[in-house]
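Participant: Mind having a look at this structure? Questions to follow.
The values are calculated or read from the model by the stated rules, or taken from the named source; none is laboratory data. None of these values were measured; they are calculated from a predicted model. As a convention, Cβ positions derive from the backbone with ideal geometry for all residues, glycine included, and neighbour counts pool all protein chains shown.
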Amino acid sequence: MSLFDTISEDIKKAMLAREKDKLEALRAIKAALLLARTEPGHQSVMSEEAEILVVRKLIKQRKESAEIYQQQNRMDLADKERAEATFMEPYLPAQMSEEELGKALSAIITAVGAGSMSDLGKVMGVATRQLAGKADGAAIARKVKELLSK
């Protein structure tokens with residue numbers, strides 16, 4: 001079952017359970033997926049990776065909005081955005097632990113033959129492709145910098 005189908009089923013469940021906040025978050029995901037399907041150059045059936053990228057983007061938007069609202073002392077809106085992000089996160093694959101990320105990046109650094117911070121770009125290119133969906137880009141960059149600076 002695709003992510004789109006799973007979201008559709010969960011929307012029905014949220015409607016029956018009268019979970020308004022969850023329903024709103026799920027409808028946002030479904031709308032974004034439908035919009036992504038209709039963009040020029042995309043197929044009507046999206047790959048799982050493309051669907052995950054859409055959900056990841058939505059979560060990032062919610063978290064950034066929550067920070068802005070918090071800076072403006074609008075805690076009601078910040079809490080709403082954080083809650084939506086929380087409802088969206090279960091639809092992403094499990095993230096790698098810090099230890100797993102370190103091992104994977106060490107292997108990539110060895111394979112690429114990187115030895116200093118000047119090789120950061122080479123390592124990041126390979127790492128972001130291999131670890132896409134498994135780890136956050138910022139976490140990858142932070143860990144790569146830490147490993148290369150040793």
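Participant: Output the residues belonging to the range 110-126 that are of a type in the set (G, A, S) and more than 15 Å from G137 (Cα to Cα). Before the answer, list the steps.
Facilitator: Filtering the range 110-126 for residues of a type in the set (G, A, S) gives 111, 113-116, 118, 121, 125.
Result: A111, G113, A114, G115, S116, S118.
Participant: Another one. From the list L131, L120, L105, exactly one residue is under 26 Å from K60 (Cα atoms), modelled with pLDDT of 85 or more and outside the structural domain of V55 (by TED's automatic domain parsing). Which is it? Working first, answer last.
Facilitator: Details: L131 fails: modelled with pLDDT of 85 or more; L120 fails: modelled with pLDDT of 85 or more.
The match here is L105.
Participant: Being out of contact with any Gly (no Cβ under 7 Å at 6 or more places or on another chain), closer than 23 Å to A132 by Cα and not assigned by TED's automatic domain parsing to the domain that holds T128 is the requirement here; does R18 meet it? Give the derivation first.
Facilitator: Numbers: out of contact with any Gly (no Cβ under 7 Å at 6 or more places or on another chain): yes; closer than 23 Å to A132 by Cα: no; not assigned by TED's automatic domain parsing to the domain that holds T128: yes.
No, not satisfied.
Participant: Let me ask another. Can you go through K63, K80 and tell me which one is of a type in the set (K, R), closer than 27 Å to R27 by Cβ and in contact (Cβ under 8 Å) with a residue 40 or more places away in the chain? First the steps, then the outcome.
Facilitator: On the way: K63 fails: in contact (Cβ under 8 Å) with a residue 40 or more places away in the chain.
Within the list K63, K80, the selection yields K80.
Participant: Restricting attention to the range 34-64, which residues are part of a helix (DSSP H, G or I), over 17 Å from K22 (Cα atoms) and touching a Leu at 6+ places or on another chain (Cβ under 8 Å)?
Facilitator: Correct list: E48, E51, I52, V54.
Participant: Does E24 meet the test of being in contact with a Gly (Cβ under 9 Å, 6 or more places away or on another chain), touching a residue at least 40 places away in the same chain (Cβ under 8 Å) and surrounded by fewer than 18 Cβ atoms within 10 Å (Cβ to Cβ)?
Facilitator: Here the answer is no, as E24 does not meet what is asked.
Participant: Restricting attention to helices (runs of 4 or more DSSP H) lying wholly within the range 94-150, give those where 3 or more residues are basic (K, R), touching a His at 6+ places or on another chain (Cβ under 6 Å) and within 23 Å of L53 (Cβ to Cβ). Working first, answer last.
Facilitator: Numbers: elements: 98-112, 120-130, 137-148.
Helices (runs of 4 or more DSSP H) meeting the threshold: none at all.
Participant: Answer yes if at least one residue in the range 38-59 is crowded, with 18+ Cβ neighbours inside 10 Å and hydroxyl-bearing (S, T, Y), and no otherwise.
Facilitator: Scanning the range 38-59 turns up no residue that is crowded, with 18+ Cβ neighbours inside 10 Å and hydroxyl-bearing (S, T, Y).
Participant: So, one more: Residue by residue through the range 117-146, note down the ones that are in contact with a Ser or Thr (Cβ under 8 Å, 6 or more places away or on another chain) and surrounded by fewer than 16 Cβ atoms within 10 Å (Cβ to Cβ). Step through it out loud before you land on a result.
Facilitator: Quick first cut of the range 117-146, residues in contact with a Ser or Thr (Cβ under 8 Å, 6 or more places away or on another chain) only: 117, 137, 140.
Correct list: M117, G137.
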